[in-house]
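One structure below.
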Amino acid sequence: MATTGSEFAAYCVELLSPLGTARARRMFGGHGLYVDDLFVGIVAEEQLYLKVDAQTRPGFEAAGCRPFVYSKSDQAVAMSYWSAPEEATESPALMLPWARLAQAAALRARAAKAKPTPRPEQANGSLATKRRRAAS
């Protein structure tokens, strides 16, 4: 039976629901998937892609999953989202371990973005302070 993109996205929300409050949001011709307002996946062309990082990617690779790739200026761009194993899409219980990996990767990505990186002038005082010191 053929489904619409919205029906498949709704099914993916159901698959992710054991992790928390799951929802889908239309974006870029597909859907973004959130669990407790954390972006954990993408639905594109009737395929579920889950967030991965350096820690979780090897497990997805070993399961035969493929990265989400799109074209930009005639170049293929791979993102940090990989297809879910086909058998995992059969039920929320089978999806749960993979969804947890996506959630963990998304949490690490969020934490990395939240860490402020000091600007050079913050690390050793302001530029004005350095100039005053140099002038004295």
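The values are calculated or read from the model by the stated rules, or taken from the named source; none is laboratory data. For clarity, every value in this text was computed on a predicted model and none was experimentally measured. Backbone-built Cβ (ideal geometry, glycine too); neighbour counts: all protein chains shown.
Values computed for the structure shown
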| quantity | calculated |
| --- | --- |
| Qualifying positions in the range 62-98 - among the charged types (D, E, K, R) and within 16 Å of the chain's Cα centre (by Cα) | 66 |
| Residue match in the range 113-132 (condition: at pLDDT 85 or above, loosely packed, with under 11 Cβ neighbours inside 10 Å, out of contact with any helix residue (DSSP H, G or I) (no Cβ under 8 Å at 6 or more places or on another chain) and of a type in the set (S, T, N, Q)) | no |
| Close pairs (6 angstrom Cβ cut-off, 6 or more residues apart or separate chains): hydrophobic (A, V, I, L, M, F, W, C) in the range 94-118, surrounded by 16 or more Cβ atoms within 10 Å (Cβ to Cβ) and assigned to a helix (DSSP H, G or I) anywhere | 94/88; 95/15; 95/88; 98/88; 99/16; 99/19 |
| Selected residue (criterion: surrounded by the fewest Cβ atoms within 10 Å (Cβ to Cβ)) from residues of the range 20-29 that are among the hydrophobic types (A, V, I, L, M, F, W, C) and modelled with pLDDT under 95 | 28 |
| Residue 71 without any contact (Cβ under 8 Å) to a residue 12 or more places away in the chain and not hydrophobic (A, V, I, L, M, F, W, C) | yes |
